[in-house]
Amino acid sequence: DTAVSQTPKYLVTQMGNDKSIKCEQNLGHDTMYWYKQDSKKFLKIMFSYNNKELIINETVPNRFSPKSPDKAHLNLHINSLELGDSAVYFCASSPLTGGQETQYFGPGTRLLVL
Amino acid sequence: GNSVTQMEGPVTLSEEAFLTINCTYTATGYPSLFWYVQYPGEGLQLLLKATKADDKGSNKGFEATYRKETTSFHLEKGSVQVSDSAVYFCALRPYNTDKLIFGTGTRLQVFP
């Protein structure tokens, strides 16, 4: 019954490592997103994909590379992790792009870089 | 540019008190407006939304009215419960874009 799921839920890693976060939605939506929530709870969009095509890239460092193997999945790969990457990363999806559709969020992945 | 401003928290209330969390926005055109709620340790859930001026969104006893003249979308509830304790985010979605722009969130703490 899970609509938008993310794995892992928690991720603790060392600086300099490479890690991936996976996101899957079973809602049949065409558009998926990644958001970052910092330690002060501030939420900001990072990327959006529509039918596997990149739509939004909010000047995120190129160490972050989203990958969409199909429209139900949007994974986030992070190279050379830095301390400032510690945050909660939320995946979301919505039915259409450019409309007034609601975005549905996953439970979040809590990343801690040591 | 587009931005959302929320009142700073935490907002601390006793059970059954009246709640208002202020939200104002700056946007070009006609954005859609949203309130999301984040319960402790969980992800964001859509609480309510309004897509045009004078629309009222409502859910679970919460209400917010899209006021274009004051560029506001204040969240209200007549009688809060301990289970309403969470962080509440106001957000806007500019017309014809996918980007959700969030406020900084307001933590609500309700005590018995």
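The values are calculated or read from the model by the stated rules, or taken from the named source; none is laboratory data. Since the model is a prediction, treat every value here as computed from it, not as a measurement. Neighbour counts are summed over all protein chains in view; Cβ atoms, including those assigned to glycine, are modelled from backbone coordinates with ideal geometry. Please note that ligands, DNA and RNA were not included when accessible areas were found on the heavy atoms of the full protein model with its side chains. Shrake-Rupley method; radii C 1.70, N 1.55, O 1.52, S 1.80 Å.
When restricted to residues that are over 19 Å from residue A:112 (Cβ atoms), open to solvent by 70 Å² or more (accessible area, probe 1.4 Å) and among the charged types (D, E, K, R), region A:22-43 contains 1. None of A:52, A:67, A:19 is at pLDDT below 90, more than 19 Å from residue B:44 (Cβ to Cβ) and surrounded by 13 or more Cβ atoms within 10 Å (Cβ to Cβ) except A:52. Among the residues here, residue A:107 does not qualify as surrounded by fewer than 17 Cβ atoms within 10 Å (Cβ to Cβ) and touching an Asp or Glu at 6+ places or on another chain (Cβ under 9 Å).
For region B:73-95, does any single residue satisfy the condition of being open to solvent by less than 10 Å² (accessible area, probe 1.4 Å), away from chain A (no Cβ under 11 Å), modelled with pLDDT under 95 and out of contact with any His (no Cβ under 7 Å at 6 or more places or on another chain)? Checked against the condition, which is being open to solvent by less than 10 Å² (accessible area, probe 1.4 Å), away from chain A (no Cβ under 11 Å), modelled with pLDDT under 95 and out of contact with any His (no Cβ under 7 Å at 6 or more places or on another chain), region B:73-95 yields at least one hit. The listed residues are A:11, A:111, A:74, and the only one of them that is assigned to a strand (DSSP E or B) and in contact with a helix residue (DSSP H, G or I) (Cβ under 7 Å, 6 or more places away or on another chain) turns out to be A:111.
Assess whether residue B:46 counts as being surrounded by fewer than 20 Cβ atoms within 10 Å (Cβ to Cβ), hydrophobic (A, V, I, L, M, F, W, C), at pLDDT 90 or above and closer than 24 Å to residue A:104 by Cβ. Yes: the conditions hold for residue B:46. Return the residue satisfying two criteria in turn: it lies in region B:6-32 and is β-branched (Val, Ile, Thr) and more than 22 Å from residue B:55 (Cβ to Cβ), and of such residues it is nearest to the chain's Cα centre (by Cα). Among those that are β-branched (Val, Ile, Thr) and more than 22 Å from residue B:55 (Cβ to Cβ), it is B:11.
Given A:40, A:44, which one is part of a loop (DSSP other than H, G, I, E, B) and either modelled with pLDDT under 90 or within 11 Å of chain B (Cβ to nearest Cβ) (or both)? Of A:40, A:44, the one residue that is part of a loop (DSSP other than H, G, I, E, B) and either modelled with pLDDT under 90 or within 11 Å of chain B (Cβ to nearest Cβ) (or both) is A:40.
Of the residues B:70, B:26, B:5, the single one that is touching a residue at least 12 places away in the same chain (Cβ under 8 Å), open to solvent by 60 Å² or more (accessible area, probe 1.4 Å), closer than 15 Å to residue B:105 by Cβ and out of contact with any Leu (no Cβ under 8 Å at 6 or more places or on another chain) is B:5.
Any residue in region B:85-112 that is closer than 17 Å to residue A:91 by Cα and hydrophobic (A, V, I, L, M, F, W, C) sitting within a Cβ distance under 6 Å of a residue that is open to solvent by 30 Å² or more (accessible area, probe 1.4 Å) and at pLDDT below 95? List the pairs, counting only those 6 or more apart or interchain. Within 6 Å, the pairs are B:101/B:2. Does residue B:104 count as crowded, with 17+ Cβ neighbours inside 10 Å, modelled with pLDDT under 95 and more than 13 Å from the chain's Cα centre (by Cα)? No, not satisfied. Considering only region B:38-45, I want to know if a residue exists there that is away from chain A (no Cβ under 14 Å) and within 14 Å of the chain's Cα centre (by Cα). So far as region B:38-45 goes, no, none of its residues is away from chain A (no Cβ under 14 Å) and within 14 Å of the chain's Cα centre (by Cα).
Only residues that are open to solvent by less than 10 Å² (accessible area, probe 1.4 Å) and either without any contact (Cβ under 8 Å) to a residue 12 or more places away in the chain or away from every other protein chain (no Cβ under 14 Å) (or both) were counted in region A:72-101, giving 4. Scanning region A:14-37 for residues being within 11 Å of another protein chain (Cβ to nearest Cβ) and not in a strand (DSSP E or B) gives a total of 1.
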